[in-house]
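Below: the structure, in structure tokens.
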Amino acid sequence: MACMNEDGQWIVLMGLLVAVGLFFLALIINQSALVGQTTAEGVLEFPKNDIRDLRTAVFDYVDNYGALQTHGDLEGVKDDITMISLERKNAVVHFGNGTPQDVSGRQLSPVTIHYNNGVTEYDETVYY
Amino acid sequence: MVNDRGQLYTMEGVAAGIIMLLTAYIVISTTSIYTPGDTHIPDMQLEQLGSDVLAMMDTPDTYGTESALKRFVNTNDGTGFNSMFLGYCNMMTNGADDLHMSASVTYRDGDAIIEHQLVAPDGSWTGRESAVRVTRWVQLDRQPGRDPYGARAQAVLVEVLLWRA
């Protein structure tokens, strides 16, 4: 700096600013490829469809309760769902239904559903 | 002897060093390439599509009738399952998508969990596809002489492997 020619400093300074700015723009473009990655991984990891599907299966089981009881298939279907869940989905599943209760003038039985695949745990008691 | 000359040169040197380090860092970090396959976004979309297709197949046409999915499993109709599933998930507003699938049904026989292949993978399957798995429970009513699941009322798990070729 000392004893140097000090002409044209603004031009050099602006050039430096533009160069640094271009680097940051490149960084932003590079990072934009990652938009949605964490979201997608979160969606894939959370077993939304598994839990929904399990609820439907349990409600089907409760719907068919009478018919299943007549032929003695209650425990069989219950074992199907818990054992296949453990084997194929690595999920511990437990469910059951209690005696029907009076809920706002309707007879509904409390259905408990438990689901745990090691990452996500889900418990529900629903009157169905 | 130490004197106080050259302070500006020292500061300039330190500033230049910092700028060079920063430049090297930014250049290296901007040249790493992240391919779309690493972001799992297509997997997420494919899995959602497959789940929706299975939900559509499991919805009966009218109340009280049997859904198509249940009928295919009950009658062990892999061809019908394959054509309906691929018809639904390859449907696009222009042309058709190129999705392929294989399917199996998992059922329980005593203490054994048995996997029965409903639809075999087609020729595009090499084993290296980034396939996603979608599943759906199907509850079968008591029906004598059903093959191979047996006559008792039971819950079976339909599993579909879905990939884009």
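Every number in this text was worked out from the coordinates using simple rules, so none of it is lab data. If you're wondering where the values come from, they're calculated on a predicted model, not measured in any experiment. Every residue, glycine among them, receives a Cβ derived from its backbone with ideal geometry; neighbour counts consider all protein chains shown.
Things to note:
- Each of A:Arg55, B:Arg5 was scored by other Cβ atoms within 10 Å of its Cβ. Arranged with the fewest first, they read B:Arg5, A:Arg55.
- Region A:30-44 - phi-based ³J(HN,Hα) in whole Hz, Karplus 6.51/-1.76/1.60, Gly and Pro as x: 4, 6, 5, 5, 8, 4, x, 5, 5, 4, 4, 5, x, 5, 5
- Derived scalar couplings ³J(HN,Hα) [region A:108-124; Karplus, 6.51 cos²θ - 1.76 cosθ + 1.60; whole Hz; x for Gly, Pro]: 10, 9, x, 10, 9, 10, 10, 9, 8, 10, x, 10, 10, 10, 9, 10, 8
- Where GluC sites (Glu not before Pro) in DSSP loops with at most 16 other Cβ within 10 Å are excluded, longest remaining stretch of chain B: B:1-65
- Between helix A:74-89 and chain A there is an angle of about 20 degrees, using the helix long axis and the longest principal axis of the Cα atoms.
- Membrane-span-like helices in chain B, defined here as complete DSSP H runs extending at least 27 Å along the helix axis by their C-alpha atoms with mean Kyte-Doolittle hydropathy no lower than -0.5, are B:7-30; this is a sequence and geometry rule, not a statement about a membrane.
- The equivalent ellipsoid of the protein assembly as shown has semi-axes of 62, 24, 17 Å, largest first, where each one is the square root of 5 times an eigenvalue of the Cα gyration tensor.
- log10 of Debye I(q)/I(0), alpha-carbon scatterers only, for region A:1-125 at 0.22 Å⁻¹: -1.25
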